[in-house]
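Trainee: Supplied in structure tokens, the structure appears directly below.
Please treat every number below as a calculation from the coordinates, not as lab data. Computed from a predicted structure; not experimentally measured. Note: ideal-geometry Cβ built from the backbone for every residue, glycine included; neighbour counts use all protein chains shown.
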Amino acid sequence: MRILLVEDDQGLAEALQQSLEREGFVIDHLSRGKQALTALAVPSHDMVILDLGLPDIDGLTVLKEIRAKKNDLPVIILTARDSIDSKVKGLDYGADDYLAKPFDMQELLARLRVIERRLGTASSSLITIDKVSLDTTSHKVFLQPCSNTNEANKGQTATKEEQQRASEIHFSKKEFMVLKALMENAGRIQSREQIESKLYHWGEEVLSNAVEVHIHKLRKSLPDKFIQNVRGVGYIINTPQN
């Protein structure tokens, strides 16, 4: 997931960016509301984390402008304004969630995972397709034993006991992020550009064949034809009913 972080406190922004990128999110940071509105004119982010106390225009004004343009991008408000009135205004103006500063990073991560599940096809942090299970919380991937094929073919989430019996597959951070993007959108074709947008933030060098290289390495450890190429369009992981 690629997130636009709009926060003028440089120290907090850097801490958030480092923490969230360790968890597999891609973060672009801006410190001004007008910059954010300009950036959001081009669809490239999956959600926004928005501070209200910005130095140029108020965060609520930014939120109103986003919604006035019929942009339904999820927005989480982060602010020191913890009054009920501020919370109500933020939610009424179209925010999806609200966290008052100071907040616990684990709570923010949990709320981000809720939005991820809402945007994708997964209903749990543990996604199972065929014999492959991916845990978005622990960042681990498991290959399920063949004995539970009937349940796996139904696309059901593996239990913790089944996960413990499975073999863990180790991938690099970027490989995991590619697999996560595909599994969260199972049954939907993901173009190379869509996958790249979930791997790299502004200013980060992107090799022309980076996605292809990651897909190639993933396929070495995953079941045959688990990740399929749609020629000239992108990649897809099919669910059993597809």
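Trainee: Could you work out which residue, out of THR79, THR136, THR38, moves most in a Gaussian network model of the chain, that is, has the largest mean-square fluctuation with Cα springs under 10 Å?
Mentor: Per the Cα network of the chain with a 10 Å cutoff, THR38 tops the list.
Trainee: Now for a separate question. Mind giving me the FRET efficiency for SER124 and LEU12? R0 is 45 Å, r the Cβ-Cβ distance, nearest 0.05 is fine.
Mentor: 0.90
Trainee: Another question, if that's okay. Taking segment 164-242, which trypsin sites (Lys or Arg not before Pro) meet the DSSP loop condition and have no more than 13 other C-beta atoms within 10 Å?
Mentor: Counting only loop positions with at most 13 other Cβ atoms within 10 Å, the trypsin sites (Lys or Arg not before Pro) in segment 164-242 are LYS225, ARG231.
Trainee: Step through the table entries LYS101/LYS173; LYS70/LYS173; LYS70/LYS225; LYS140/LYS198, compare each Cα-Cα distance with 27 Å, and write down the pairs that go over it.
Mentor: Those over the limit are LYS101/LYS173; LYS70/LYS173; LYS70/LYS225.
Trainee: Shifting gears a bit: Could you give me the ³J(HN,Hα) list for segment 36-49, computed from phi with Karplus coefficients 6.51, -1.76, 1.60 and θ = phi - 60°, whole Hz, x at Gly and Pro?
Mentor: 5, 5, 5, 5, 6, 5, 10, x, 8, 10, 8, 6, 10, 9
Trainee: Answer with one residue from MET1, THR38, PHE25: the one whose Cα lies farthest towards the positive end of the charge dipole of segment 1-55, charges on Cβ with Lys, Arg +1 and Asp, Glu -1.
Mentor: Farthest along the dipole direction, towards plus: THR38.
Trainee: Oh, and also: What net charge do the residues around MET47 carry, taking every other residue with its C-beta under 13 Å from that of MET47, with Lys and Arg at +1 and Asp and Glu at -1?
Mentor: 0
Trainee: How much length, in nm to one decimal, is gained on full extension between ASP72 and LYS34, taken as 0.36 nm per residue of separation minus their Cα-Cα distance?
Mentor: Gain in length upon complete extension: 11.9 nm.
Trainee: With only Lys, Arg, Asp and Glu charged, each at its Cβ (+1 for the first two, -1 for the last two), find how big the charge dipole of the chain is about the Cα centre; round to the nearest 20 debye.
Mentor: Rounded to the nearest 20 debye, it is 840 debye.
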